[in-house]
């Protein structure tokens, strides 16, 4: 790279910026408790359970995320783990983007750093609780930097790349994103670094093994409900339409997790300005990165944008419906906006460099003021990411009776059904915020929950044959005493109703304000089943061993990063 | 003349204060209007994953 790399004061500035940004976004988390929001659930101690490692009858959407949380929970309590994860996302996003941008001025680094951590994408995915995907978002600048280092034959680049890819591969989407990024940046690379590039590709592919093996052993099949394509397609946030929303790094499908500021009249104008700056900055990026890297990064980001916008393009929705219904695993593509991550990084890097180029034409102190303005622009355009997304990230405590029920179930373990049938719940003690049923991670036994998603008036069916059978049984109002379930938990005032007939023949063990626990006397207690078996254990061990080797290799170097 | 680093830190601290004030104001507006975001939106039908 022809630009100067960040010196010590420069790096310190990036860490200060990271601390300030993390504090601004996550300030409400100084209060005790857990932020329970949409897909984000942390519990005091998540159990080590096979169906969290690899769901036997569902698609592995949180593999190996749940396994990693369960393992880390052995040493770190859930409330602390959640805070570490959320702070790490913002910290690594800020520092990663700031160090990746080939800037000649320190202020440009801050533009990229703050710009990458204060995006509509991060805000919307954070509000949807997808912290695992955001880890991939935060890891991407580090991954790109390591891949560039590998191309240039820098020592230590391979272990750095493995560590960054491991952080990204905590979810299937992040793992595929890492694999695609590494492939695009390294494939076709000849010369002395060829073997290292091959090793990098193999390592990142191996990091994807846990979810691939889990997908292979599940009974859910790999196909998804094509109705999800319309439900999860990118959405317009203002008069600009869905493509402009995506161009501004927003456009998530859920209007309830979109910051209110995204609806402002000026947002498409700011987006247009950013695109102009990015167009100014791309030639600078091309000149300052090693030959060919910026072009490959550009191709990757255009691909990411097309993937994100696919369902909104003419004929795209129909093609995607066919893919999702017929091709196993294609369901990953139906929520397309999440694929936008490489585009976001490329946009931020180019816009920062475009800002530097434009500022170079101004006299002092105008140039500096212009860059300071660009540092603050993301905050001005998206002020409601501050203070826990305008107070929407609120920690709460689980009611005491959740612990009572967990202890009762632990004494006589067995499959447990969470009623009423609803994958997502809204509790008064959680300020009515929608959250995926926390019982599945709170109880030390296998918990069956609904897997159908309701988006507006549309129902997107799940994949589990077992849940489909239970749903039919409940619709027919047949008693659950005849099922293979040891326990049934009814969660009051969380939405939906339970027909009294289905509880006939069950014994009440606990009856409280929030929960009622029923025991099924017809089913004996049973230990946890080991459905997934050795292939899954081996894949997890392989990924963990590779990560540990990479970390040890980095620790033996004088400067890890 | 203050050093650039001092200026930078002053700018960051100023921005922090501005954003905290802005965030608090936004939250107040949102909660009082009961329309845009925050808890009012989250209190939708709990069975819904979301609304387009």
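Coordinate-derived values only; no laboratory data. What you see is a predicted model, and the numbers here were worked out from it, not measured in a lab. Reconstructed Cβ throughout: ideal geometry from the backbone, glycine too, with neighbour counts over all protein chains shown.
Key figures
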read-out: Per-peptide average of other Cβ atoms within 10 Å, ordering A:231-239, A:9-17 highest first; value: A:231-239, A:9-17
read-out: Exercise: per-residue mean of other protein chain Cβ atoms within 10 Å, A:389-396; value: 5
read-out: Percent RCO, i.e. relative contact order, over region A:400-519, from Cα pairs under 8 Å lying at least 6 residues apart; value: 30 percent
read-out: For region A:233-286: span of alpha carbons on each principal axis (Å, largest first); value: 38, 22, 16
read-out: Against the rule of thumb 2.2 N^0.38 Å, how large the Cα Rg of region A:1-144 comes out; value: 1.17
read-out: Kirkwood Rh (inverse of mean 1/r, distinct Cα pairs), region A:406-457, angstrom; value: 12.1 Å
read-out: Label-to-label distance, nm, for residues given as residue A:269 and residue A:380 (7 Å Cα→Cβ offset); value: 1.2 nm
read-out: Potential extension, residue A:322-residue A:412 segment - 0.36 nm per residue separation minus Cα distance; value: 27.9 nm
read-out: Cα Rg over Rh - region A:302-434, Kirkwood; value: 1.17
read-out: 10 Å Cβ neighbours from other chains, averaged over peptide A:452-459; value: 4
read-out: Kirkwood Rh (inverse of mean 1/r, distinct Cα pairs), region A:380-444, angstrom; value: 14.1 Å
read-out: Chain A - mean residue ellipticity at 222 nm from DSSP helices (-39,500 (n - 2.57) per run, n ≥ 4, rounded to 500); value: -17000 deg cm²/dmol
read-out: Computed over region A:8-391: relative contact order in percent, which uses C-alpha pairs under 8 Å that are six or more apart; value: 21 percent
read-out: Ellipsoid equivalent to region A:393-532 - semi-axes via the Cα gyration tensor, in Å; value: 22, 19, 15
read-out: With Cα atoms, 0 to 90° folded angle of helix A:157-168 axis to chain A main axis; value: 40 degrees
read-out: Cα→Cβ-extended label distance, 7 Å offset, between residue A:30 and residue A:475, nm; value: 5.2 nm
read-out: Averaged over A:16-24, number of beta-carbon atoms from partner chains that fall within 10 Å; value: 3
read-out: Estimated distance in nm for a label pair at residue A:522 and residue A:504, the labels positioned 7 Å out from Cα along Cα-to-Cβ; value: 1.2 nm
read-out: Cα-based Kirkwood hydrodynamic radius, region A:115-155, one decimal, Å; value: 11.4 Å
read-out: Burial ranking of peptide ranges A:124-134, A:210-220, A:159-169 (average Cβ count within 10 Å, highest at the top); value: A:159-169, A:124-134, A:210-220
read-out: Highest to lowest packing among A:260-269, A:460-469, A:334-343, A:37-46, scored as the average C-beta count within 10 Å; value: A:334-343, A:37-46, A:460-469, A:260-269
read-out: Over 22 Å [Cα-Cα, region A:82-211], rounded percent; value: 37 percent
read-out: Largest-first ellipsoid semi-axes for the protein assembly as shown, taking √(5λ) over the Cα gyration tensor eigenvalues, angstrom; value: 42, 27, 22
read-out: Relative intensity, log₁₀ I(q)/I(0), of region A:350-417 from a Debye sum that treats every alpha carbon as a point, q = 0.13, 0.15, 0.22 Å⁻¹; value: -0.61, -0.69, -0.93
read-out: Region A:226-333 - convex hull of alpha carbons, volume per residue in Å³; value: 122 Å³
